[in-house]
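Reading through the structure tokens given below for one structure.
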Amino acid sequence: MDRENIKTIILIVLVIISVFFTSKMWIEVEYSSNDIPDDDDFLFDDNSGILEVIAPDRIAVHLNGNKILVMNPSQQEYQEIWAIVLNNSVKCIAEGDKTDFVLIDKNIWEEQKKEECLELIFKTPFDLKFWNKAFNSKKKTLPNIRLSRLIISLDMPNTVLLFDDETESYYKISKDNINPLTESMLNEITNSDELKEHIELSTNTLGLVLETGIYVPKDPLTISGVTVIKEDIKPDELVKDFFSDMSVVRKIEEKDGARIYTDGKKGFRIYPSGAIEFNHAVTAQGDHSDDLFDAAKTGYNFLVTYGGLPTGSYLDKAEFLEHDPRSSLFAYDYRFKGIPVIGERNAIEIVITQGEVKNYYRNLEHPVALISEEQALSISPVSTLEIAASNLRFLINTQEDKHKIKDVYLAYYRPDDDSWEYTLSPVWVVELKDIKIFIDAVEGTMISLD
């Protein structure tokens, strides 16, 4: 037998051995059903972006001894808690299967806050129909409740409490596995060094009428200003995204330096400040959808495609337009290190008419650096209310008890500034139903009334 034949035989034997051991390995692998993802894991993947921008603005943690800690979306503890509550409590509520919504007295809600519990506070309340569609649930009949606040408590293992801010009504829902709160979760939160202690403002402070559940820092704060730069706009590239045929697009230069691009049906304006605005002459025809979720999703998908959303974005406003019930307005702002960045106009606004984008406005800046020297906020929340009270009398010329204060919180103020680079300063925001008062948190002067 020559050398080549020997090599061939050895090679064949090695291949047979390899096939034998490979097949043996596959046959002996134990099958585990955990390797296959459950369908429920993907129940709302398609809407995960929407769920992020409508997540709670804050989570108040009520502990023994009337101690209150507050979490915001920039903190890891918040993200962990919200993921658990979303997949359990909110999902059960939104699906509404075999669920009774029992009307309860306000006293039950207030008494529960004295126990160990979590209170989730939503910036923009949505009705259960909206949440139902966010979870791709097929449940059609749900009570007309707007989810504004939610309480889960240790001493109510199968119960959650809801607050509807539109009707100022409180509800109790009892169902197996609806409350995921555990002692270990609370212990982990309590041991966190990141969370600051807060106090609840009295509903009658300085003669003003406040809603319940307004939490402000217990101790004086120090905070840094933020240096920002305007969003870098590249007009020629940007315009191509909005017009399919650039050969029919006209460019118009206005006296104030604004540039307008139009094809007769669509218009795209770039302001000297860097703000952009897109308008589309959508013609309303026939029946129209009155589903706010469908419109919100259309707007969200458009924003993600054209320009994107900044980190920390949240939906500040979602409403049907009074003058045009076929259209819905969605307004976005964003948080920097958990603190809202707001101005007299939202950073992003989009109007949806019958499933199409009718108007799109965007005026964004990007935080680039914290100012190294921190400022002590010499104006306390109570002092802020004093300033707000005097301005309410002057500006509204009426008794302030007719204008219930909905919230008091710290924010960064976005000035109406055309500069390429500028600074965001800390302000206290006193929020009423239709008005926001911005008060400089260092100087104590009223900056603006929105």
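Since every read-out is calculated from the coordinates, none of them should be taken as a lab result. These numbers come from a predicted model, not from an experiment. In this analysis, Cβ positions are derived from the backbone assuming ideal geometry, glycine residues included, and neighbour counts consider all displayed protein chains.
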Each label point is 7 Å from the Cα along the Cα-to-Cβ direction; what then is the distance between the points at N391 and I108, in nm?
-> 4.0
Using a simple charge model, +1 on the beta-carbon of Lys and Arg, -1 on the beta-carbon of Asp and Glu, nothing else, what dipole does the chain show about its Cα centre, in debye to the nearest 20?
-> 760
Averaging sequence separations of C-alpha pairs under 8 Å and six or more residues apart, then dividing by the length of the chain, give the relative contact order as a whole percent.
-> 13
I435-K404 pseudo-label distance in nm [points 7 Å out on the Cα-to-Cβ vector] | 1.7
Pairs of Cα atoms under 8 Å, at least six residues apart: use those to get the relative contact order of segment 48-200, whole percent.
-> 27
Take each of the peptides 187-195, 158-166, average the number of other beta-carbon atoms within 10 Å over its residues, and list them starting from the highest.
-> 158-166, 187-195
When the chain is treated as a Gaussian network with springs between alpha carbons less than 10 Å apart, the largest mean-square fluctuation among V282, V248, V209 is found at V248
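Taking the Cα centre of segment 48-200 as the origin, how large is its charge dipole in debye, to the nearest 20, when only Lys and Arg (+1) and Asp and Glu (-1) carry charge on their Cβ atoms?
On the way: 18 positive and 26 negative charges, 154 e Å.
It works out to roughly 740 debye.
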Taking 0.36 nm per residue of separation between Q76 and Y306 and subtracting their Cα-Cα distance, the length gained on full extension comes to 79.9 nm
Measure off 7 Å from each Cα along the Cα-to-Cβ vector at D291 and T212, then give the distance between these two points in nanometres to one decimal.
-> 3.6
So which residue, out of S419, S224, S328, gets the largest mean-square fluctuation from a GNM of the chain using Cα contacts under 10 Å as springs?
-> S419
Mind sorting W428, W420 by how few other Cβ atoms lie within 10 Å of their own Cβ, fewest first?
-> W420, W428
Cα-based reach from K240 at 28 Å (exclusive), listing lysines while leaving out same-chain residues under 8 positions away = K230, K251, K255, K265, K266, K297, K358
Would you mind telling me which residue in K129, K255, K297 has the biggest mean-square fluctuation in a Gaussian network model of the chain, where springs connect alpha carbons within a distance under 10 angstrom?
-> K255
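Arrange E322, E111 by Cβ neighbour counts within 10 Å, fewest through most, would you?
So the residues, fewest neighbours to most, are E322, E111.
Sorted from fewest to most neighbouring beta carbons within 10 Å, what does the list T298, T124 look like? Write out the running numbers ahead of the final one.
On the way: T298 20, T124 17.
So the ranking, lowest neighbour count to highest, is T124, T298.
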Can you find, among N158, Y332, M246, the residue farthest towards the positive end of the dipole of the chain? Put +1 on the C-beta of Lys and Arg, -1 on that of Asp and Glu.
-> M246
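Determine the gain in length on full extension of the stretch E253-T222; use 0.36 nm per residue of separation and subtract their C-alpha separation, reporting nm with one decimal. Write out the running numbers ahead of the final one.
Details: separation 31, 0.36 × 31 = 11.16 nm, distance 4.55 nm.
Residue separation times 0.36 nm, minus the Cα-Cα distance, leaves 6.6 nm.
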Decide, for segment 313-450, between rounded, prolate and oblate: order the square roots of the alpha carbon gyration tensor eigenvalues as a ≥ b ≥ c, take rounded if a/c falls under 1.5, and otherwise choose prolate if a/b is larger than b/c, else oblate.
-> oblate
